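Participant: So that we are looking at the same thing, I have put the structure below in structure tokens.
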Amino acid sequence: MKKIRYALLLLAALPFLVNAQSIHQDNILYGAAYYHEYMPYERLDEDVRMMKEAGISVVRVGESTWSLFEPRDGEFEFAWMDRIIDKMHEAGIKVILGTPTYSIPAWLWHKHPEILIDYRNGREASYGIRQNMNITSPTFLFYSERIIRKMMEHYASHPGIIGFQVDNETEARGVNNYDFHVSFVNHLKKKYKTTENLNKIWGLNYWGMTIDSWEEVPPRDGVTNTGYKLEWARFNRKAVADFLTWQSEIVAEYKRDDQFVMHCFMPSVQNIDQIASASKMDIMAMNVYHDQQDGLTGNEIAFAGDYFRSVKGSNYLVTETNAQTIGWTSKTQQPPYPGQMRQNVYAHIGSGANMIEYWHWHSIHYGQEIYWKGVLSHDLQPNRAYAEVSKTAHELQKFGTKLVNLKKKNDVAILFSHDSNDALNFMPFNGSGSDWEESTNNAYRSQLVAQFHKVLYQNNIGVDFIFPEQLNLEKYKLVIIPSLYVASDELLGKITDYVKNGGHVIMQFKSGFSDENSMV
Amino acid sequence: MKKIRYALLLLAALPFLVNAQSIHQDNILYGAAYYHEYMPYERLDEDVRMMKEAGISVVRVGESTWSLFEPRDGEFEFAWMDRIIDKMHEAGIKVILGTPTYSIPAWLWHKHPEILIDYRNGREASYGIRQNMNITSPTFLFYSERIIRKMMEHYASHPGIIGFQVDNETEARGVNNYDFHVSFVNHLKKKYKTTENLNKIWGLNYWGMTIDSWEEVPPRDGVTNTGYKLEWARFNRKAVADFLTWQSEIVAEYKRDDQFVMHCFMPSVQNIDQIASASKMDIMAMNVYHDQQDGLTGNEIAFAGDYFRSVKGSNYLVTETNAQTIGWTSKTQQPPYPGQMRQNVYAHIGSGANMIEYWHWHSIHYGQEIYWKGVLSHDLQPNRAYAEVSKTAHELQKFGTKLVNLKKKNDVAILFSHDSNDALNFMPFNGSGSDWEESTNNAYRSQLVAQFHKVLYQNNIGVDFIFPEQLNLEKYKLVIIPSLYVASDELLGKITDYVKNGGHVIMQFKSGFSDENSMV
Amino acid sequence: MKKIRYALLLLAALPFLVNAQSIHQDNILYGAAYYHEYMPYERLDEDVRMMKEAGISVVRVGESTWSLFEPRDGEFEFAWMDRIIDKMHEAGIKVILGTPTYSIPAWLWHKHPEILIDYRNGREASYGIRQNMNITSPTFLFYSERIIRKMMEHYASHPGIIGFQVDNETEARGVNNYDFHVSFVNHLKKKYKTTENLNKIWGLNYWGMTIDSWEEVPPRDGVTNTGYKLEWARFNRKAVADFLTWQSEIVAEYKRDDQFVMHCFMPSVQNIDQIASASKMDIMAMNVYHDQQDGLTGNEIAFAGDYFRSVKGSNYLVTETNAQTIGWTSKTQQPPYPGQMRQNVYAHIGSGANMIEYWHWHSIHYGQEIYWKGVLSHDLQPNRAYAEVSKTAHELQKFGTKLVNLKKKNDVAILFSHDSNDALNFMPFNGSGSDWEESTNNAYRSQLVAQFHKVLYQNNIGVDFIFPEQLNLEKYKLVIIPSLYVASDELLGKITDYVKNGGHVIMQFKSGFSDENSMV
């Protein structure tokens, strides 16, 4: 009884939430990523039994193992996954299936080493890790499209599958391959028309670096011009969005109307245009990791939730979050205190989540992530985490229908500018004295924006994010504008109009410092 | 009246200064570097008006924008600069013109990427930043010579031009290109005659690395032999001197007798032979940057002044110094307190400066140096700095004739050894426990020498620098010798003779530790 | 008299030592490495005279100067070394001769640059330093074999030579050359038979990196799989052992029965299989460096002695140890207090050493090691160190026959696992929060194992080391098992049996965490 009261209490603490509907969902989904293929021995039936007993309602599968779907170039194997999805379906556990493109198989690297990333200044990616390919490479896209279509042909009709994830934690990864540079120059031609225009807009007179023909645009390597760097960052963000949109559209050709397509976004990653990336998706989803024990503040959960809820203006899924310990070293591997896993579930729901999935069900016995422990430990036996998941799952079975599709109505918004985040990296305001090269610490995101959000969170003031790309100022009584270093006249005009019309703005230092080309 | 008294007071505080004459100059020159071509809109007339009103007497132009003088290979455009120089001349503002070779145009990089620097261990320079070329490359020298001659043909006769600057803040930059290595080996052949001799002088028996033919001299990359490294450092210093001398001689073919040629040296840079570099120059010039507010000690100004005054034994120009803030991050961007800009001007004069030029007039609206703010801020309106410059300029118009060409007569000298600076980098006495590779912290220059100078400065004892290459010990009552790690027997003999003849010497630890080949 | 009493006292303090015999040695050998070829002038006779006077009984020569034995490809010169060995022999000073393969001559690099190391991720070794070659390169082995055979043909019969050292401070050095990778893949084929087996044992399903043919095994560069990394580390340790064994066998073809072959191992180096490396050697030898003055604890001496005594279970030689200062910077260059050099000699003997040789006799006047000072300083005159060496040498002449071939019998052993050392580097338990890449800090060796040893040392409890590869648990009452992260079932079974049979075990956290393939 006490537990139920607690859940109701949490519900009462969310005054701005009202029931609503985005894609059809009549209860909170609760589950875990599931990689039976990683297990050293067969235990599918046992896992299904334990999940069912615990009350788990959803698993996410398939996004990590291209080499099992296609062990050899052009040879496809689905039986190993069919039985997993079939058994889940039989047990009433819903399945989300991922496209496996974030980690290429060895045969693809071996046949086409040129799709690996060439980083700046001569460094090159190598095989043996995930996310090491140029996602704009036509070769990579060719093989990606083939496996996605094969999978969709095979799986779209499966009644157990409720949705699809495209790729995994995608972001711009410093691709500096020759063909990517050529694409960038083509983009410049299209956007700026003439080199004269580019010389002027970027201030290439500085240090005498004007260009007279498009071949004279240098590769990204050692470029210092902030206009170039900002446009390059935008182009990278767009490249990610194009890639995710391309995948989403392929999936959409096959999926049923009752199935969704989504991607698991990362709250800490800013080198991606989330709005454009999600344009062809049905719902937002995100992976949230945070400290536990005394380090758990709830703030990371709220920040991520507020951010991604705002991108599409609706409920979202949590595709991954801490089960037991996370981290690479013992120093940071803190298992949650009793009750923290459950507390986090309600915190997610309070921000608008319609699903909470742990990463992941098992703990893995090899590879880099053996300490990113799942609900089960390496012994794969019931444990404290399993018991807490089970308790929470049963609560959700009872009350989840009342908690699903909650809507927030906030009076305060934070204006988030990817351009300002990038431009402040190029001219870091908080570097050491001799800093010359750009920073990668995203001080805009992780210090300025985070500070504002934290204060609001601590004072229990609900907040949305708004973006220059979708600027609905009028909805809010107060708009907080962290250092809006890059701002077009048009954007500044809109803010001025908002204030003239009675809106309130808190604007931080260096706002309006430079125009959309990073020119002061 | 109070201001005038203050200037006279300063004058009185310089007891060792006596009026004298090097190149003809009848008043202190006072002004700024001027880059109208960096401005986003036309304002030449307004700038000239403001300068004239402020009392500014000199501007430096042209050293940064090769791509405007030669926007396409072999096509030259001077009109844009002609009008600047003409208008300055009409307004009575003198002009110093720089050769623009420190930053190559994009078309030159695009046509000849091989002139970019190959650094040690496979790293390569890339385009998009200044000072990234091998200054010994014949290709680079070919294009440099062409633009310099074109500019001199066009400008030498202009009555408004009082002098020329060759290149900008030149130094050895870690060039490790193949042709540079071959030049080095040729230099070794000429200097040491036989490989046997080299084996002996450098101690190549150590770890069995003797060479039997000149092709066996390894490239600089991973060399550990300290004799090799010292000779390589000397060869680099010489390469810079050769380059600056080569430019100075070309300029001298064209310039009038009343025009000078100079280069803006950097006080903190030691990988350059200043004496040899200046051999064909008419006057020394330097760029001095320092802390402001409570961090302003006057010491950096005095060190730089004492050093470069000593190189040619006469007055010098300050081609660049802080206007408003400098630095890459907000942490170090301190505008001077009211009065500090003026104070610094008299400090420079007190050390023997005949010109003080700010870097620079405007603040730039793009590029890496937007926070290295000029006399004017980004709004380009009169401000506190402009007012202080104006006040100081008008003082100089009244009293400058009495302050120009001041001479110092000091009884104390510091012996400065570039070889010791380098050799102590190779065997750092103050590194961390596991240091193996050479240091680049110039501990000799920035700790040992600087300490001695600071104590003298704080005790108001005037000091000159002397160099092993021009060793006029006899002029001084006391010679301070910071760790003279590298010393030939000849040098030690001269010091001994000096002491025998009654001279006083303070000699620091590790002096005389090794011979001129870094052999103990 | 007092000194003699002190030596006897030390002797009394070693209760576990009993006289025994490994290779014939009737007194402690005491001397120094000797590099007359490094001296800027002739002083062989003077050195021999001083050594003789001091009572020095052994020198080690020849391991550093291949380019003097073979100044040009295929031209051999021995006369320079003949006179050194002859004069030593005449003076009754024994000689150990080293093969000079750890530092290749310039002509060999110039002819075969491909034998230099290709490191991971595109970095390449360069010439100008020692130990920069791929020791598995057939080209390197060809030239190494030729010089070794030439030297052995020439020197094996010399009556003054008591033994041979092969190579110097050998270890795995990050070789990633193409041919080395192919060897590794061949090794995998032989060991694991099928790719299916490898996929399973290494868990290559993780991130979908299964391989379908052997060409798909990626090079080591960016590999993250811990099973791969552990096997690669083992393969590297084996490569070093193969190389040292190969050299030992060549030497053994020529050497007399009364001559030994050995190698100078480094206590701090773990990327080498010492047991396999020493399999064809007659005696263990090691180089031990440690702090002096107040930093001298004796612990490093004891650790190194305990370790290498345990590898072959018999007495060993100290081929190198501190004479005067060591280190690269002044901060760490501490000359020993009076008496410390002598104290260290007896400490070595107390651990089982049969020889103590300083590195080295002279101090060198050039190169990287001018501050690694020998018994003599750069002036090469008698000094405090020489006097202390002389005193100690004369003591050993009197008492050494009683101190030679001492045997230890310990009740406690520490189990040392190279696999665990490596695997804990790959999954560092003590890294910073964001550590992803492997560490190189050998926390297992330098923190966990060292802590246990230190406590035993401080409590005066003698200890041996045992290894999974030669596991004589039964000899000990107590076996301490620092974090045995990698352990086969067979090994765990043996430990269990030992405890069942009455043995005592202290086992640290994470022991038995993963199997022999680093799978949890």
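The values are calculated or read from the model by the stated rules, or taken from the named source; none is laboratory data. This one's a predicted model, so the numbers in the text were calculated from it and none came from an experiment. All Cβ positions, even for glycine, are placed from backbone atoms using ideal geometry, and neighbour counts span all protein chains on display.
Participant: Determine whether A:Ile135 is modelled with pLDDT of 95 or more, out of contact with any Pro (no Cβ under 6 Å at 6 or more places or on another chain), in a helix (DSSP H, G or I) and surrounded by 15 or more Cβ atoms within 10 Å (Cβ to Cβ).
Facilitator: No; evaluated as a whole, the condition is false for this residue.
Participant: For segment A:313-333, name all the residues that are touching a residue at least 60 places away in the same chain (Cβ under 8 Å) and surrounded by fewer than 20 Cβ atoms within 10 Å (Cβ to Cβ).
Facilitator: If the condition is that a residue be touching a residue at least 60 places away in the same chain (Cβ under 8 Å) and surrounded by fewer than 20 Cβ atoms within 10 Å (Cβ to Cβ), then A:Ser314 is the only one that fits.
Participant: Residues that are within 23 Å of the chain's Cα centre (by Cα) and small (Gly, Ala, Ser): does segment C:388-405 have at least one?
Facilitator: Taking every residue of segment C:388-405 in turn, none turns out to be within 23 Å of the chain's Cα centre (by Cα) and small (Gly, Ala, Ser).
Participant: Collect the residues in segment C:238-283 that are assigned to a helix (DSSP H, G or I) and aromatic (Phe, Trp, Tyr), keeping them in residue-number order.
Facilitator: The answer is C:Phe243, C:Trp246, C:Tyr254.
For every residue, the table says whether it meets (1) surrounded by 21 or more Cβ atoms within 10 Å (Cβ to Cβ); (2) farther than 30 Å from A:Gln447 by Cα.
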site: A:Pro335; (1), (2): no, no
site: A:His348; (1), (2): yes, no
site: A:Gly367; (1), (2): yes, yes
site: A:Tyr371; (1), (2): no, no
site: A:Leu376; (1), (2): yes, yes
site: A:Arg384; (1), (2): no, yes
site: A:Ala423; (1), (2): yes, no
site: A:Asn430; (1), (2): no, no
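Participant: Does C:Ala443 satisfy being touching a residue at least 40 places away in the same chain (Cβ under 8 Å), among the aliphatic types (A, V, I, L, M) and closer than 21 Å to C:Ser268 by Cβ?
Facilitator: No: the conditions fail for C:Ala443.
Participant: Got a number for residues in segment A:445-481 being farther than 16 Å from A:Leu492 by Cα, among the charged types (D, E, K, R) and surrounded by fewer than 20 Cβ atoms within 10 Å (Cβ to Cβ)?
Facilitator: The qualifying residues number 3.
Participant: Of (1) part of a helix (DSSP H, G or I); (2) within 30 Å of A:Trp359 (Cα to Cα), A:Ile162 satisfies all except one. Which?
Facilitator: Against the list (1) part of a helix (DSSP H, G or I); (2) within 30 Å of A:Trp359 (Cα to Cα), A:Ile162 comes up short only on (1).
Participant: Between B:Ile495, B:Ile414, which is surrounded by 14 or more Cβ atoms within 10 Å (Cβ to Cβ) and part of a strand (DSSP E or B)?
Facilitator: B:Ile414
Participant: Looking at the structure I just gave you, is A:Leu188 over 25 Å from B:Gln368 (Cα atoms) and either within 29 Å of the chain's Cα centre (by Cα) or without any contact (Cβ under 8 Å) to a residue 12 or more places away in the chain (or both)?
Facilitator: No: the conditions fail for A:Leu188.
Participant: Take A:Lys150 and decide whether it is touching a Leu at 6+ places or on another chain (Cβ under 7 Å), more than 14 Å from every other protein chain (Cβ to nearest Cβ) and either under 30 Å from A:Val223 (Cβ atoms) or not small (Gly, Ala, Ser) (or both).
Facilitator: Spelling it out, it is not the case that A:Lys150 is touching a Leu at 6+ places or on another chain (Cβ under 7 Å), more than 14 Å from every other protein chain (Cβ to nearest Cβ) and either under 30 Å from A:Val223 (Cβ atoms) or not small (Gly, Ala, Ser) (or both).
Participant: Restricted to segment C:65-86, and to residues that are without any contact (Cβ under 8 Å) to a residue 60 or more places away in the chain, buried (at least 17 other Cβ atoms within 10 Å of the Cβ) and in a loop (DSSP other than H, G, I, E, B), which residue is farthest from the other protein chains (Cβ to nearest Cβ)?
Facilitator: This residue is C:Pro71.
Participant: With respect to A:Val240, determine if the residue is surrounded by fewer than 19 Cβ atoms within 10 Å (Cβ to Cβ), aliphatic (A, V, I, L, M) and more than 7 Å from chain B (Cβ to nearest Cβ).
Facilitator: no
Participant: Residues A:Ser183, A:Ser144: which one is assigned to a helix (DSSP H, G or I), modelled with pLDDT of 95 or more and closer than 26 Å to A:Trp359 by Cβ?
Facilitator: Residue meeting the stated conditions: A:Ser144.
Participant: Separate question: Name the residues in segment A:317-332 that are outside any strand (DSSP E or B) and touching a Lys or Arg at 6+ places or on another chain (Cβ under 8 Å), would you?
Facilitator: Result: A:Ala323, A:Gln324, A:Thr325, A:Ile326.
Participant: Next up: Within segment C:34-64, how many residues are in a loop (DSSP other than H, G, I, E, B) and either of a type outside the set (Gly, Ala, Ser) or within 27 Å of C:Ile148 (Cα to Cα) (or both)?
Facilitator: Final tally of qualifying residues: 12.
Participant: While we're here: Taking segment A:110-152 only, how many residues are charged (D, E, K, R) and touching a Lys or Arg at 6+ places or on another chain (Cβ under 8 Å)?
Facilitator: 1
Okay, residues lined up against (1) touching a Lys or Arg at 6+ places or on another chain (Cβ under 8 Å); (2) within 14 Å of another protein chain (Cβ to nearest Cβ):
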position: B:Lys312; (1), (2): no, no
position: B:Asn315; (1), (2): yes, no
position: B:Val345; (1), (2): no, no
position: B:Tyr358; (1), (2): no, no
position: B:Tyr371; (1), (2): no, yes
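Participant: Something else now. Taking the condition part of a helix (DSSP H, G or I) and either in contact with a Cys (Cβ under 7 Å, 6 or more places away or on another chain) or at pLDDT below 95 (or both), does A:Leu8 pass?
Facilitator: The answer is yes for A:Leu8.
Participant: Then there's this: Please work out which residue is farthest from C:His365 (Cα to Cα), limiting yourself to segment B:191-218 and to residues that are among the β-branched types (Val, Ile, Thr) and under 34 Å from the mean Cα position of the chain (by Cα).
Facilitator: Applying the filter and picking the extreme gives B:Val217.
Participant: Taking segment B:363-401, which residues are part of a helix (DSSP H, G or I) and polar (S, T, N, Q)?
Facilitator: B:Ser390, B:Thr392, B:Gln397, B:Thr401
Participant: Here's a follow-up. Can you give me the number of residues within segment C:194-237 that are more than 7 Å from chain A (Cβ to nearest Cβ) and part of a helix (DSSP H, G or I)?
Facilitator: 18
Participant: For C:Ala106, state whether it is closer than 27 Å to C:Ala252 by Cβ and either of a type in the set (Gly, Ala, Ser) or not assigned by TED's automatic domain parsing to the domain that holds C:Val240 (or both).
Facilitator: Spelling it out, it is not the case that C:Ala106 is closer than 27 Å to C:Ala252 by Cβ and either of a type in the set (Gly, Ala, Ser) or not assigned by TED's automatic domain parsing to the domain that holds C:Val240 (or both).
Participant: Could you tell me which residue of segment B:92-124 is farthest from the other protein chains (Cβ to nearest Cβ), considering only residues that are within 30 Å of B:Arg220 (Cα to Cα) and part of a strand (DSSP E or B)?
Facilitator: Restricting to residues being within 30 Å of B:Arg220 (Cα to Cα) and part of a strand (DSSP E or B), the top hit is B:Asp118.
Participant: If a residue must be more than 13 Å from every other protein chain (Cβ to nearest Cβ) and not hydroxyl-bearing (Ser, Thr, Tyr), how many such residues does segment C:125-147 contain?
Facilitator: 8
Participant: A follow-up question, please. Identify the single condition in (1) more than 10 Å from chain A (Cβ to nearest Cβ); (2) under 25 Å from the mean Cα position of the chain (by Cα) that B:His89 does not satisfy, given that it satisfies every other one.
Facilitator: Of the numbered conditions (1) more than 10 Å from chain A (Cβ to nearest Cβ); (2) under 25 Å from the mean Cα position of the chain (by Cα), the odd one out for B:His89 is (2).
Participant: For residues that are assigned to a loop (DSSP other than H, G, I, E, B) and acidic (Asp, Glu), scanning just segment C:165-180, find the one that is farthest from C:Ile115 (Cα to Cα).
Facilitator: Checked segment C:165-180; the qualifying residue farthest from C:Ile115 (Cα to Cα) is C:Glu169.
Participant: Separate question: Identify all residues within segment C:37-64 that are within 11 Å of chain B (Cβ to nearest Cβ) and either free of Cβ contacts under 8 Å to residues at least 12 places away in the same chain or acidic (Asp, Glu) (or both); write none if there are none.
Facilitator: C:Glu37, C:Tyr41, C:Glu63
Participant: OK, next. Considering only residues that are in a loop (DSSP other than H, G, I, E, B) and either out of contact with any Asp or Glu (no Cβ under 8 Å at 6 or more places or on another chain) or more than 29 Å from A:Leu424 (Cβ to Cβ) (or both), which ones fall in segment B:337-361?
Facilitator: B:Tyr337, B:Pro338, B:Gly339, B:Gly352
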